[in-house]
Amino acid sequence: MYSFNYVEYIQKTNKRKGKYMLTAHTIGNKYAEVKDLRVKEIAKLVRKDLKKFKGCKFSVKSTYNKIDVALVDCDDIKKYFYIWEGVNQKDPRYTDTFHKEVQSIMNQYNFDNGDSMSDYWHKNFFAFFNLHFPLLKRARIELGLEVANA
């Protein structure tokens, strides 16, 4: 009897394509290890993995189906941020590589079997990466977009 292992198939496909972000019908490479854990325990693993960014401090919070990661502090602003220029404004943004690395850390514990075309969401958890407002203010000052108050 032939047995098809969907998890292995998706993991091999993602590895071959070099995907960073989860798309429809994908499974993170560590999902099999955590599939029976609650989101709170997965958030602890994400927090541990984020320690690879030396000099950065993250806030990792979880609810029953969501993990929120926020960059709270960072020693080297210029390493992780750049100046984004819009039509009438300039803002600090984190670099694409930094954003992709943080997202990939969260996504390695996740799966996505949803279909956004039909508004169907089937995930282990929703993952969000944000920037803490006081760090945004400091980044604006260090990148020369704002003058520090005396």
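The values are calculated or read from the model by the stated rules, or taken from the named source; none is laboratory data. Quick caveat, the model's predicted, so the values are computed rather than measured. Here Cβ is always computed from backbone atoms with ideal geometry, including for glycine, and neighbour counts include all displayed protein chains.
Conditions (1) of a type in the set (Gly, Ala, Ser); (2) closer than 19 Å to Lys35 by Cα, marked per residue:
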position: Cys56; (1), (2): no, no
position: Val60; (1), (2): no, no
position: Tyr109; (1), (2): no, yes
position: Ala139; (1), (2): yes, no
position: Glu146; (1), (2): no, no
Inset, instruction - Go through the residues of segment 76-96 one by one and say whether even a single one is under 14 Å from the mean Cα position of the chain (by Cα) and touching a residue at least 60 places away in the same chain (Cβ under 8 Å). - result: no
Legend entry - Which numbered condition Tyr20 misses (of (1) touching a helix residue (DSSP H, G or I) at 6+ places or on another chain (Cβ under 6 Å); (2) modelled with pLDDT of 95 or more; (3) within 16 Å of Phe126 (Cα to Cα)): (2)
Inset, instruction - Answer with yes or no whether Asp112 is modelled with pLDDT under 90 and either under 25 Å from Leu145 (Cα atoms) or within 17 Å of the chain's Cα centre (by Cα) (or both). - result: yes
Legend entry - Selection within segment 55-81 - more than 21 Å from Ile42 (Cα to Cα) and surrounded by fewer than 16 Cβ atoms within 10 Å (Cβ to Cβ): Gly55, Asp73, Asp75, Asp76, Lys78, Lys79
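Yes/no per residue for (1) assigned to a strand (DSSP E or B); (2) out of contact with any helix residue (DSSP H, G or I) (no Cβ under 6 Å at 6 or more places or on another chain); (3) closer than 24 Å to Thr26 by Cβ; (4) not hydroxyl-bearing (Ser, Thr, Tyr):
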{"residue": "Lys44", "(1), (2), (3), (4)": "no, yes, yes, yes"}
{"residue": "Lys57", "(1), (2), (3), (4)": "yes, yes, no, yes"}
{"residue": "Ala70", "(1), (2), (3), (4)": "yes, yes, no, yes"}
{"residue": "Lys79", "(1), (2), (3), (4)": "no, yes, no, yes"}
{"residue": "Arg93", "(1), (2), (3), (4)": "yes, yes, no, yes"}
{"residue": "Thr97", "(1), (2), (3), (4)": "no, yes, yes, no"}
{"residue": "Phe129", "(1), (2), (3), (4)": "yes, no, yes, yes"}
{"residue": "Arg140", "(1), (2), (3), (4)": "no, yes, no, yes"}
{"residue": "Gly144", "(1), (2), (3), (4)": "no, yes, no, yes"}
Inset, instruction - Just need a number here: residues in segment 38-67 that are of a type in the set (Lys, Arg) and in contact with a Ser or Thr (Cβ under 6 Å, 6 or more places away or on another chain). - result: 1
